[in-house]
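The values are calculated or read from the model by the stated rules, or taken from the named source; none is laboratory data. What you see is a predicted model, and the numbers here were worked out from it, not measured in a lab. Positions of Cβ are generated from backbone atoms using ideal geometry, with glycine treated the same way; all protein chains shown enter the neighbour counts.
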Amino acid sequence: MPAGRVYLETFGCQMNELDSELVRGRLASLGYRFTPDPAEADVVLYNTCSVREQAEQKVWSRLGDLKTHKAERPETVVGVLGCMAERDGEDLIKRMPVVDILCGPGELDKLPELIDNALRTRLSLRAERSASQVALQGSTSRRSATLAAAQDDLELLDLSRAISPTDHSGSAYVRITRGCNKFCTYCVVPFTRGAEVHRPPDHIVEECKRLADAGVIEVTLLGQTVNHYRYEDGAAVTVNGMLQPQKGRIYKGASAEGRRSDAFTGERVTTFADLLRRIHDEVPAIKRLRFVTSYPRDFGDDVLEVMRDHPRICRYLHVPAQSGSDRMLKMMNRGYTVAQYDEFIARARHYLDQPELGRPLMISGDIIVGFPTETDEDFEATKALLQRSRYKNCFIFKYSPRPGTVAYDRIPDDVPDEVKRRRNNELLALQTGISEEIGRAQVGREFEVYVEGPSRRAKKQAGLKKSSLRNKANHTISLTVSGREPGEASESHGAIASIDAGGPVQLSGRTDGDQIVFFDTPEGRSPADFIGRLVRVRIEAAQGMSLAGSLLG
Ligand code: 5AD
Ligand code: SF4
């Protein structure tokens with residue numbers, strides 16, 4: 001059967017962006033083509049997010065828009081992927097009968113088969129409604145934490161990642177951990193993405209090498225709680241029932257020699273610190289290594305030491321506090337106190353904050369306001385935490401009750417929306433002031449800047465059409481250059497082709513600490529000489545949350 005044209009839109013987090021990239025690569029390898037226009041697609045896919053209700057609302061409205069389209073072109077196959085599919089299950093199809101496919105984030109390896117089935121039954125039934133195609137984690141055994149990730153088909157999706165030397169912006173995500181075991185009382189992630197599973201370190205290093213070979217120089221490792229990364233390699237290498245000693249392994253118990261495997265438990269453990277060191281040392285072509293998101297507890301000095309001693313690991317941490325009140329943290333089941341959070345921030349700064357060497361430590365955070373029962377006093381404590389933490393930036397969210405979570409079931413959402421809004425605005429104003437102060441402190445310093453592409457201003461001037469802005473902490477902005485399909489070429493490469501290289505073009509990039517920097521290309525130089533590369537920039541001004549400077553050398 002000829003493969004069709006696919007429209008794929010992504011909502012939510014970096015994990016979803018990576019999932020979409022993998023899905024896109026897999027479908028492309030099977031002959032599907034991509035279109036930026038849902039109206040001309042045979043298959044419309046939404047990769048969804050359930051973390052807050054607002055994110056879900058957007059998807060509901062997109063699906064609503066598809067009703068008329070589907071009435072005119074009933075053969076179009078519509079798929080909902082990701083967390084909403086997993087959370088709502090078949091209720092989603094009941095509410096939105098336009099949907100043919102549901103595919104949870106833990107089942108994306110099955111997506112090609114689901115699409116193929118949907119297209120086939122659609123054809124054989126001559127465009128009538130066919131049986132829905134559903135793959136959800138809830139219906140399989142993938143929730144097991146003992147699952148051997150190496151043997152998992154889902155792992156194959158990451159492993160078989162198609163990496164083209166031309167189709168990337170020089171920066172890529174690499175997953176190290178799936179799922180989450182923390183069960184914060186407000187959060188759907190442990191339910192939608194399932195139990196925490198760590199990928200084998202060899203697979204991760206291999207993927208980084210392949211990305212580096214394709215020209216990627218910046219890698220961001222992804223996981224919900226990256227610092228909990230831990231991979232235990234069982235010593236299950238046996239020949240004729242005898243354990244074979246493995247170089248580099250630490251054996252628990254007595255001598256490895258000649259012992260029967262059943263009388264012996266051996267393991268080689270790779271911690272997060274080990275993993276960072278391995279990637280840094282084994283893939284020198286990666287000039288920048290960063291990771292998100294860190295959990296404020298269990299962040300050992302070993303990781304901070306590796307960060308300090310390995311120059312290509314960025315001085316950037318995203319460590320959500322969520323609240324500055326111990327009472328709230330307890331109700332959120334965060335598992336740490338405000339004092340422990342403060343201690344971590346102080347320890348991280350002690351190890352990593354070296355502004356005199358051009359390497360200040362930048363920290364970003366997440367805060368939830370209006371969690372049930374939050375009083376003015378709790379809120380004041382959060383304000384104080386924000387003042388103390390001096391984040392480079394902080395994402396502030398109004399509490400959104402999510403069905404299925406403990407907070408939803410047990411604690412009434414009793415903070416009125418206007419109080420949430422007021423607290424949200426107050427924290428935003430406070431954080432803006434702090435971010436600006438941090439920006440001003442960088443004036444006069446020199447930084448290595450990873451150049452992402454033309455700034456928004458430059459793109460506007462060039463009349464490029466924006467198709468999607470990536471969310472909060474992300475680094476790239478994906479957009480469509482007129483007439484070009486997303487995924488056909490990386491956007492920055494596409495964008496520069498359209499910019500008249502006559503005068504200076506304002507480029508945008510990031511420091512090692514993830515601060516945004518704008519600078520102009522020198523007279524007569526093309527933006528292409530800089531995009532996807534590291535350059536040195538002297539900071540001359542702080543502009544709101546970003547920095548502006550000029551190119552050195
Ligand atoms: N309501 C509001 N914010 C939430 N987050 C997660 N769940 C919720 C919720 N139910 C926020 C947390 C988390 C970030 C990814 O989203 O701050 O760190
Ligand atoms: Fe959600 Fe908490 Fe896990 Fe983060 S650590 S994904 S907030 S449950």
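Considering every residue within the stretch 286-302, establish whether at least one is within 16 Å of ligand 2 (Cβ to nearest atom) and of a type in the set (Asp, Glu).
yes
Which residue out of Glu113, Glu107 is surrounded by fewer than 16 Cβ atoms within 10 Å (Cβ to Cβ), assigned by TED's automatic domain parsing to the domain that holds Ser132 and of a type in the set (D, E, K, R)?
None of the other options fit; the residue is Glu113.
Looking at the stretch 96-126, which of the residues that are without any contact (Cβ under 8 Å) to a residue 24 or more places away in the chain and in a helix (DSSP H, G or I) is farthest from Tyr46 (Cα to Cα)?
Within the stretch 96-126, the match that is farthest from Tyr46 (Cα to Cα) is Ser124.
Report every pair of residues separated by at least 6 positions or lying on different chains whose Cβ atoms are under 8 Å apart, first residue within the stretch 320-347 and aromatic (Phe, Trp, Tyr), second within 13 Å of ligand 2 (Cβ to nearest atom) and assigned to a helix (DSSP H, G or I).
Every condition considered, the pairs that remain are Tyr336/Leu329.
Restricting attention to the stretch 523-553, which residues are in contact with a Leu (Cβ under 6 Å, 6 or more places away or on another chain) and either of a type in the set (Ser, Thr, Tyr) or more than 20 Å from Gly170 (Cβ to Cβ) (or both)?
Correct list: Arg538, Ile539.
All but one of (1) more than 16 Å from ligand 1 (Cβ to nearest atom); (2) surrounded by 14 or more Cβ atoms within 10 Å (Cβ to Cβ); (3) modelled with pLDDT of 90 or more hold for Ser130; which doesn't?
Status for Ser130: all satisfied but (3).
Among the residues in the stretch 373-383, are any within 14 Å of ligand 1 (Cβ to nearest atom) and surrounded by fewer than 21 Cβ atoms within 10 Å (Cβ to Cβ)?
no
Listed here are the residues, each with its yes/no results for (1) touching a residue at least 24 places away in the same chain (Cβ under 8 Å); (2) buried (at least 24 other Cβ atoms within 10 Å of the Cβ); (3) of a type outside the set (Ser, Thr, Tyr).
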residue: Gly194; (1), (2), (3): yes, yes, yes
residue: His198; (1), (2), (3): yes, no, yes
residue: Asp202; (1), (2), (3): no, no, yes
residue: Val205; (1), (2), (3): yes, no, yes
residue: Leu211; (1), (2), (3): yes, yes, yes
residue: Gly215; (1), (2), (3): yes, no, yes
residue: His228; (1), (2), (3): yes, no, yes
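Could you count how many residues in the stretch 190-228 are among the aliphatic types (A, V, I, L, M), more than 16 Å from ligand 1 (Cβ to nearest atom) and not in a helix (DSSP H, G or I)?
The qualifying residues number 7.
Return the residues of the stretch 325-337 that are buried (at least 22 other Cβ atoms within 10 Å of the Cβ) and more than 16 Å from ligand 2 (Cβ to nearest atom); say none if nothing qualifies.
Ser325
Is it the case that the stretch 358-369 has a residue that's in contact with a Gly (Cβ under 9 Å, 6 or more places away or on another chain), of a type in the set (Gly, Ala, Ser) and within 14 Å of ligand 1 (Cβ to nearest atom)?
no
Which of the residues belonging to the stretch 392-403 are within 13 Å of ligand 1 (Cβ to nearest atom), closer than 20 Å to Pro320 by Cβ and not polar (S, T, N, Q)?
Answer for the stretch 392-403, where residues must be within 13 Å of ligand 1 (Cβ to nearest atom), closer than 20 Å to Pro320 by Cβ and not polar (S, T, N, Q): Cys394, Phe395, Ile396, Phe397, Lys398, Tyr399, Pro401, Arg402.
Taking the stretch 346-394 only, how many residues are on the phi > 0 side of the Ramachandran plot and either assigned to a helix (DSSP H, G or I) or modelled with pLDDT of 95 or more (or both)?
3
With the requirement that a residue be polar (S, T, N, Q), within 16 Å of ligand 1 (Cβ to nearest atom) and assigned to a loop (DSSP other than H, G, I, E, B), what does the stretch 165-189 give you?
Asn181, Thr185
Going through the stretch 404-450 one residue at a time, which ones are within 15 Å of ligand 1 (Cβ to nearest atom), under 15 Å from Ile368 (Cα atoms) and assigned to a loop (DSSP other than H, G, I, E, B)?
Scanning the stretch 404-450 gives Asp413, Asp414, Val415.
Does Thr271 qualify as being within 16 Å of ligand 1 (Cβ to nearest atom) and under 22 Å from the mean Cα position of the chain (by Cα)?
So Thr271 fails the test.
When the residues of the stretch 384-403 are narrowed to those that are within 15 Å of Val51 (Cβ to Cβ) and surrounded by 14 or more Cβ atoms within 10 Å (Cβ to Cβ), which ends up farthest from the chain's Cα centre (by Cα)?
Here the residue is Pro401.
Val406 - would you say it is within 16 Å of ligand 2 (Cβ to nearest atom), of a type in the set (A, V, I, L, M), within 19 Å of Arg327 (Cβ to Cβ) and touching a strand residue (DSSP E or B) at 6+ places or on another chain (Cβ under 7 Å)?
no
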